[in-house]
Every structure is written in structure tokens, then in C-alpha cells.
1. Find which of 118, 73, 50 sits farthest along the positive direction of the dipole of the stretch 11-131, computed with +1 on the beta-carbon of Lys and Arg, -1 on that of Asp and Glu, about the Cα centre.
2. Determine the distance separating the Cα centre of the stretch 78-132 from the Cα centre of the stretch 193-267; give it in Å without decimals.
3. Quick one: net charge of residue 59's neighbours, Cβ under 13 Å, K/R +1, D/E -1?
4. I'd like the Karplus ³J(HN,Hα) series for the stretch 14-28: coefficients 6.51, -1.76, 1.60, θ = phi - 60°, whole numbers in Hz, and an x wherever there's a Gly or Pro.
5. Which value, in Å³ per residue, describes the convex hull spanned by the Cα atoms of the stretch 1-82?
6. GNM on the chain, C-alpha springs below 10 Å: top fluctuator among 284, 330, 338?
7. Once Rh is set to the Kirkwood radius over Cα pairs, what Stokes-Einstein translational diffusion coefficient, in µm²/s, holds for the stretch 251-380 at a temperature of 20 °C and a viscosity of 1.002 mPa s?
8. Rounded to two decimal places and with Rh computed the Kirkwood way over Cα pairs, what is Rg over Rh for the stretch 122-165?
Amino acid sequence: MKTLRVAMIGYGFMGAAHSQGWRTAPRVFDLPAEPEMAVVVGRNAEAVAAAADKWGWAESATDWREVIARDDIDVVDIVTPGDSHAEIAIAALEAGKHVLCEKPLANTEAEAEAMAEAAERAATRGIRAMVGFTYRRVPAVTFLRNLIAEGAVGTINHVRASYRQDWLVDPEMPLAWRLQKEHAGSGALGDIGAHAIDLAQFVTGLKLAKVSGVIDTIVKERPLLDSGAGLSGTAGVGKGQVTVDDIAIFTGRFESGALASFEASRFATGRKNALEIEVSGDKGALAFDLEDLNSVQFYDRTAPADRQGFRKILVTEAEHPYVSAWWPAGHMLGYEHGFSHQVKDLVEGIVGGTVPHSSFADGLRVQRVLDAVERSSENDSAWTRVASGVPVQAV
């Protein structure tokens, strides 16, 4: 069997999640190639060596450029902050490496365009590129998309999507890189709002044409970070400015004319990881909540009046997307399983010669929506058109 030797650049919160995917997928799915966790790269030699040992990487390194230049590396997995995505991804693609890059694709629309163009050029040489919108691969989300494509809700009239967390409600939470524009690009809008945008476009098959929105920073100054762990950390001495948004609320209109409402907040008290979407059509409606990720809610408007109402469908049957590789019906999947599904789809795309979703062109589409929301907020929430001209790779 062909081996795909993987180099992961970065080793934070997403590094742990991606490592889980690379480690588990070949032991659960019958993949057409064997991923090998070759090397993990980080700036701190001691810390990255510890991460390699903990997560199962064969070796560690501190220079991503040297690693990308190696002949024995086939896939580059990028889990660094957004300010380095473009440089690493373009260099990897030009070196003939397949690329998996965490979302959002980049920090700016211009960077995302350059990355999408690099992916288009690389595709002519059989090189594949994927953006890590992992929630597409929650079985319930993929099933929801399939139901919509089959016509379960009919013509779509309205979409409501939100992603709400509360980990920044405490003003003493320290100033991590996600709160600094030079590293993250944007705050709640790009970090979690990107997921809501991608989910809305993915499950409906519709593309946003224009938006009207507002973004705001609630806590503008925070303690400097001493040490970080996941999304949290320990405060050090002094304070620094928060230079990204804490909350984004916007409306959108799809190219079809259907309307959408979006919310991205890291100040939604009591909401830990609430990614929700509801799609309403003339024949029915479908809804999903990440905090109940093994089910969808379905309303069939064509049913007799005395039997109408949302009903819960447990998405754990072997017939559901991805599920047959796991446990018997009714045995739940969790957050980490999407990363194994991501590896499965990427490996199959590489070996099969197909463009795996979400492509860099899909990531560019989301980036253009993010940019339009920011421009709208700066212009008194005026309706702002989303840039077009997306490459043909988009799914």
C-alpha cells in the first residue's frame, strides 16, 4: 500500500485534534493509502518534542522550511495561527506537497486569493489542497446536507446560523493570540463565524451574495498571557489591547434570493460550543446543534396536520454518513471523530485524483464573506456585496 508521510506544522489545540485524526483514521477506515505521522514542527524544540512523543509523531523539528523541502514528506498539515497560513501553504504546494490547512484559510482576502490560485496551479500536477472545516464531516451535518439535496425542505426561504461560546466573558481571561489581529486576522467573526458561514453554504448548496452586519469588541484590554493551554491560559504581568472583535451579528442574502441570519459570539454566557443551523423551506425544515451532535431535527410540512412537528432523527445508523466504520446503532460519536473523517476524505481525494472538500476555493468564498461583513460594519452596516470570481475547484 502507498504511504503518505505527513508533516504537521504547529502543535497547539488544533494540533492535538489533527493528531487524533491522523492516528485513528487508518485504524478505522479502509484507506487507499497509509498516512504516516512523520514529523511535527514548532518553534520551541523542547515543547514540540514533547508534543511528538505525546501524540505519536515519529520526530519533531523547528524549521518548517527544511521539513517542506524534504523528499520524504508527502502531506503538510497546517495548524498554526492564521498569519502564517499563506506562506506555509503556498510554499508546500509549490514544493509538490498535498496540503491540509486549518480554517479560516487566511487572515485576509488577498492571502486567500493567493492560496486558492496556488492550489489551482498545484491541481494541474495532481496536488490536492483542503481547508479544515471539520464540522462538515459530523455525520449529522453531512446527512442534513444530503436531505436538503434530496428536496426534503423544498425551496429554501431562510437560513439561521450561529456559533456561540462564552470563554471570553471573564475580562481577566488573558490576551491569547486569537485576540490579536496581527496573528488571528479577526476574532469571533473569523474564528467561529467562519464555521457558521461555511456550514450555511455547504448544507444548502447556496452562495452568499451580500451581507449587512456589525462587529464589536466588548472587552478592549486584557492581561498579557504568561502561558497558554487550549483556549485558556494563565495571566502574566501587564495588560494589552484586544485588536479583534468579540461578537459579530449580520444578515445575508443568497444568490437565490433567500435570506440568512448569522451570529458569532465568544460572549454568549452559558454557551460552551453551540454551533447551530436551521434551514426553512416551503416543504419542511431541518435543524442541527453541535451540542447535540448525533441528531438532526426534521419538520415535514407535507405530513398530515395532526402529525406535524419537529422530530428527532438519531444519526447513528450504518446507513448514515461515515457511521458504518464505527460503533453499533445508538452508540454516540464525538467532537474528535470529524478529524478522522477529514483524514479519510483527504487521503481518498489524493489517491483518487479528486478535489476533496472543502477546497481552497471554498475557503476563499468564506474569506470573502468575512471581508464583506467587516466592510459592512465599517460602513454603518450598509449592504455589502461579497466578491465573486471564485475558482472552479469550489464544492
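1. Projecting each Cα onto the dipole axis, the largest value belongs to 50.
2. So the two Cα centres are separated by 22 Å.
3. On the way: positive: 5, 70; negative: 36, 53, 63, 66, 72.
Within the 13 Å Cβ shell, the charges total -3.
4. 6, x, 5, 5, 5, 4, 4, x, 5, 6, 8, 3, x, 9, 10
5. Values: hull volume 7.3 nm³, N = 82.
Taking the convex hull of the Cα positions in the stretch 1-82, it is 89 Å³ per residue.
6. So, out of 284, 330, 338, the one fluctuating most is 330.
7. Details: Rh = 18.2 Å.
Using the Kirkwood radius from Cα pairs, D works out to 118 µm²/s.
8. Values: Rg = 15.2 Å, Rh = 13.5 Å.
Rg/Rh: 1.13.
The values are calculated or read from the model by the stated rules, or taken from the named source; none is laboratory data. A quick note: this is a predicted structure, and the numbers were derived from the prediction, not measured. Positions of Cβ are generated from backbone atoms using ideal geometry, with glycine treated the same way; all protein chains shown enter the neighbour counts. Just the protein is used for accessible areas: all its heavy atoms, side chains included, with ligands, DNA and RNA removed. Shrake-Rupley method; radii C 1.70, N 1.55, O 1.52, S 1.80 Å.
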